[in-house]
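First up is the structure itself, then whatever we jot down about it.
The values are calculated or read from the model by the stated rules, or taken from the named source; none is laboratory data. Everything quoted here is computed from the prediction, not taken from an experiment. Positions of Cβ are backbone-derived with ideal geometry, glycine not excepted, and every protein chain shown enters the neighbour counts.
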Ligand SMILES: *[C@@H]1O[C@H](CO)[C@@H](O)[C@H](O)[C@H]1NC(C)=O
Ligand SMILES: *[C@@H]1O[C@H](CO)[C@@H](O)[C@H](O)[C@H]1NC(C)=O
Ligand SMILES: [Cu+2]
């Protein structure tokens, strides 16, 4: 009896461990045809050199107003030796998550922000972010539908976005965010940010109603954030944050 009880406890502990390790984030990129490594979480920033802001844990952020929502744990202010990827406006950016990404329920969102100078010294919590790409509920009802995140898993746990060709040249962040909503009323946010130096480009910028702060853009009361998909009869899903700006 005692053996059974402690075995159950051990099994529960092991399940907990695999649950914790079954998270993650963007580990690498292909930007305009060039491969870039991300930051390596759980390792010291000393000696790391990446275009990606530091992030220290595979665990999700579970509070939509968390101070780390912009670029994940320790990503908001100057992190490790920062590089930037130089790329032309209009280019494709592919982000690669740990493969296979373990969640399939919820939206994929991609944001950018102008750093107003060198991104290495930017505080990402104070930047004005705009959305360049998103995919929410693709088909079916909220309770059992196909989601952008499932599509991401089906395409090699990667997501391809296009940097708006109309964006002016300059220094920008690109912020990939997954919002997993498989747990009732407990959103899981997975944001990672990378630094870009944009060349070429146009002279169009998103209007102020499309600009948001992180934290600030989301609330638990958003229909797509504090949601119990299993008790929902909805066939629509409202992706949180502003509308997408494509520059057109
Ligand atoms: C799949 O993703 C891995 C990174 O997770 C990458 O190295 C590989 O090139 C990708 N394969 C394809 C066919 O895109
Ligand atoms: C579905 O649309 C209705 C009407 O616009 C809205 O009130 C509701 O919050 C939406 N449901 C979800 C889950 O986003
Ligand atoms: Cu997870």
| remark: Exception for residue 48 within (1) in contact with a strand residue (DSSP E or B) (Cβ under 9 Å, 6 or more places away or on another chain); (2) at pLDDT below 95; (3) closer than 22 Å to residue 152 by Cα falls at (3)
| said: Looking at the structure I just gave you, is residue 248 modelled with pLDDT under 95 and over 18 Å from the mean Cα position of the chain (by Cα)? | reply: yes
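Which one of these is modelled with pLDDT of 95 or more and touching a helix residue (DSSP H, G or I) at 6+ places or on another chain (Cβ under 8 Å): 166, 180, 194?
Details: 166 fails: touching a helix residue (DSSP H, G or I) at 6+ places or on another chain (Cβ under 8 Å); 194 fails: touching a helix residue (DSSP H, G or I) at 6+ places or on another chain (Cβ under 8 Å).
Being modelled with pLDDT of 95 or more and touching a helix residue (DSSP H, G or I) at 6+ places or on another chain (Cβ under 8 Å) holds for just one of 166, 180, 194, which is 180.
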| request: Among what's in segment 217-227 and is in contact (Cβ under 8 Å) with a residue 24 or more places away in the chain and either surrounded by 13 or more Cβ atoms within 10 Å (Cβ to Cβ) or outside any loop (DSSP other than H, G, I, E, B) (or both), pick the residue that is farthest from ligand 2 (Cβ to nearest atom). | output: 217
| request: Could you figure out which of (1) free of Cβ contacts under 8 Å to residues at least 24 places away in the same chain; (2) not in a loop (DSSP other than H, G, I, E, B) isn't true of residue 149? | output: (1)
| query | If you take the residues in segment 68-125 that are at positive phi and buried (at least 21 other Cβ atoms within 10 Å of the Cβ), which one is nearest to ligand 2 (Cβ to nearest atom)? | reply | 106
| How many residues does segment 52-66 contain that are within 16 Å of ligand 1 (Cβ to nearest atom) and either out of contact with any helix residue (DSSP H, G or I) (no Cβ under 9 Å at 6 or more places or on another chain) or closer than 16 Å to residue 37 by Cβ (or both)? | 1
| message | With the requirement that a residue be over 21 Å from residue 245 (Cα atoms) and either more than 16 Å from ligand 3 (Cβ to nearest atom) or not in a strand (DSSP E or B) (or both), what does segment 159-201 give you? | response | 181, 182, 183, 184, 185, 186, 187
| said: Any residue in segment 17-31 that is closer than 18 Å to residue 183 by Cα and in a helix (DSSP H, G or I) sitting within a Cβ distance under 7 Å of a residue that is more than 16 Å from ligand 1 (Cβ to nearest atom) and at pLDDT below 95? List the pairs, counting only those 6 or more apart or interchain. | reply: none
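Yes/no matrix, rows are residues, columns are (1) free of Cβ contacts under 8 Å to residues at least 40 places away in the same chain; (2) over 18 Å from residue 243 (Cβ atoms); (3) not in a loop (DSSP other than H, G, I, E, B):
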{"residue": "113", "(1), (2), (3)": "no, no, yes"}
{"residue": "120", "(1), (2), (3)": "no, yes, yes"}
{"residue": "126", "(1), (2), (3)": "no, yes, no"}
{"residue": "132", "(1), (2), (3)": "no, no, yes"}
{"residue": "143", "(1), (2), (3)": "no, yes, no"}
| Within segment 65-106, how many residues are over 13 Å from the mean Cα position of the chain (by Cα), away from ligand 3 (no atom under 16 Å from the Cβ) and touching a residue at least 60 places away in the same chain (Cβ under 8 Å)? | 14
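Out of all the residues in segment 228-248, which are away from ligand 3 (no atom under 16 Å from the Cβ) and not in a loop (DSSP other than H, G, I, E, B)?
Step one: of segment 228-248, the residues away from ligand 3 (no atom under 16 Å from the Cβ) are 228, 230-248.
If the condition is that a residue be away from ligand 3 (no atom under 16 Å from the Cβ) and not in a loop (DSSP other than H, G, I, E, B), then 230, 231, 244 are the ones that fit.
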